[in-house]
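Computed from the coordinates by the stated procedures, all read-outs in this text should not be read as laboratory data. All values derive from a computational prediction rather than experimental measurement. Neighbour counts are summed over all protein chains in view; Cβ atoms, including those assigned to glycine, are modelled from backbone coordinates with ideal geometry.
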Amino acid sequence: EGPVSGPSAKRSDLAFTKRPGGPVIFWNITARCNLACTHCYLRSGPGRQREDELTTDEAIALIDDLVTADVPLLLFSGGEPLMREDFWDLIEHTRKCGLPAALSTNGTLITPRVAQRLRDTGIGYAGISLDGATAATHDAFRKAPGSFDRSVQALRNCIDAGLRCGVRFTVTKKNHSELGDLIALARILGVHRFCVYWLVPSGRGGDLHMDLQVAPGEVRAVLDLVYREATRTDPTAMEFLTVDAPQDGAYLLERLRADANPAYDQAYRLLTRMGGCSAGKRVANIDPSGNIYPCQFAQFDEFLVGNIRDRPFSSLWNDPGNRVLAAFRAGESDPGSQCGACGWQEVCDMGCRVRAYVQRGDLDGGDPLCLRPG
């Protein structure tokens with residue numbers, strides 16, 4: 001949401017056909033949004049509600065099926081999830097089912113009252129997107145003047161309500177220089193988590209990824225900054241994660257080992273247990289129309305797993321004959337390739353599969369953002 005030495009492992013060694021328990025679900029409950037962000041993977045925006053969005057009854061039935069599938073966490077996303085008219089009904093049903101829930105939001109609609117209601121109805125965490133440390137940068141990405149101030153206030157409102165919250169920052173060429181200042185702001189606010197996302201070329205982000213994607217030197221600078229920030233103070237004060245780039249773990253482990261950091265062994269165990277890209281294994285996506293994909297960034301026709309209107313998620317997820325899930329759960333790098341010759345596969349396992357597919361034309365092609373630590 002990315003740290004190694006140790007034996008390398010082929011993807012076939014890490015694959016599985018069925019794992020105990022279900023995946024974390026990223027559920028785009030609506031395509032409607034009050035913003036029109038430059039890099040939105042769902043191409044959401046004002047007036048973008050789909051005619052075939054799941055009805056309330058269908059959404060309730062889906063939640064029941066996710067309980068059957070032993071899903072550990074349901075993340076409500078959008079669009080802007082708070083714009084769906086039955087949002088509170090869905091949250092309340094999730095709570096009654098005992099299914100842990102979280103929220104991915106732009107934060108602009110989270111007033112003090114909404115923050116308190118989110119906490120009272122069982123939302124355990126709210127991730128709020130900030131794409132810069134200044135209003136000028138953030139609002140340019142979000143296409144909405146004033147959105148930065150409202151999102152920052154949303155973080156304050158969540159903290160005041162006792163709701164765990166975090167910042168979600170997508171790194172691009174246009175904002176990476178503001179990361180340090182944004183981390184400083186997050187510390188001042190007292191947020192619980194800081195998530196660094198690397199742009200995945202999907203949706204509008206795919207249209208512009210060549211203009212927005214950072215260069216290797218910029219990736220290294222970002223990771224070095226995250227490492228310094230994560231290790232300079234008590235890690236319980238604010239948790240740091242890098243997302244959609246498992247290869248970050250290898251680079252950060254190299255830093256931990258070089259510094260003889262006592263956290264190395266624990267980080268090594270955690271990252272080898274995670275074992276690379278989660279798409280189609282530990283996470284799944286359901287879009288507003290009930291389509292199922294390996295992850296939220298894999299919303300391409302060729303990666304459609306199925307639709308819940310035709311077959312329950314719990315059945316599709318555990319179908320060993322599903323070709324899309326099989327492709328994401330299996331595969332193996334060429335022994336002579338960058339990934340095949342790397343000793344870090346048990347941590348990285350070829351990185352983000354979608355980024356490799358879009359930029360290299362091959363799910364097993366290796367993540368283009370890899371720094372190849374050796």
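Sort GLU302, GLU346 so the one with the fewest other Cβ atoms within 10 Å of its own Cβ comes first.
Least crowded to most crowded, the residues run GLU302, GLU346.
Within the chain, what is the number of lysine pairs with alpha carbons under 30 Å apart, leaving out pairs fewer than eight places apart on the same chain? For the chain, the number of qualifying lysine pairs is 7. The spacing between the stretch 86-119 and the stretch 260-300, judged by their C-alpha centroids, is 23 Å. Label zone of THR55 (point 7 Å out along Cα→Cβ, amide N under 18 Å): in the stretch 63-91 this covers 63-65, 85-87, 89-90.
Annotation: cysteines of the chain without a disulfide-compatible partner (Cβ-Cβ under 4.7 angstrom) are CYS33, CYS97, CYS195, CYS277, CYS295, CYS339, CYS342, CYS348, CYS352, CYS370. This model, with +1 at the C-beta of Lys and Arg and -1 at the C-beta of Asp and Glu, gives the stretch 11-360 a dipole about its Cα centre of some 400 debye.
Note on the stretch 11-360: semi-axes of the ellipsoid equivalent to its C-alpha gyration tensor, largest first and rounded to whole Å, are 28, 27, 20. In terms of surrounding Cβ atoms within a 10 Å radius of their Cβ, TRP317, TRP27 rank from fewest to most as TRP317, TRP27.
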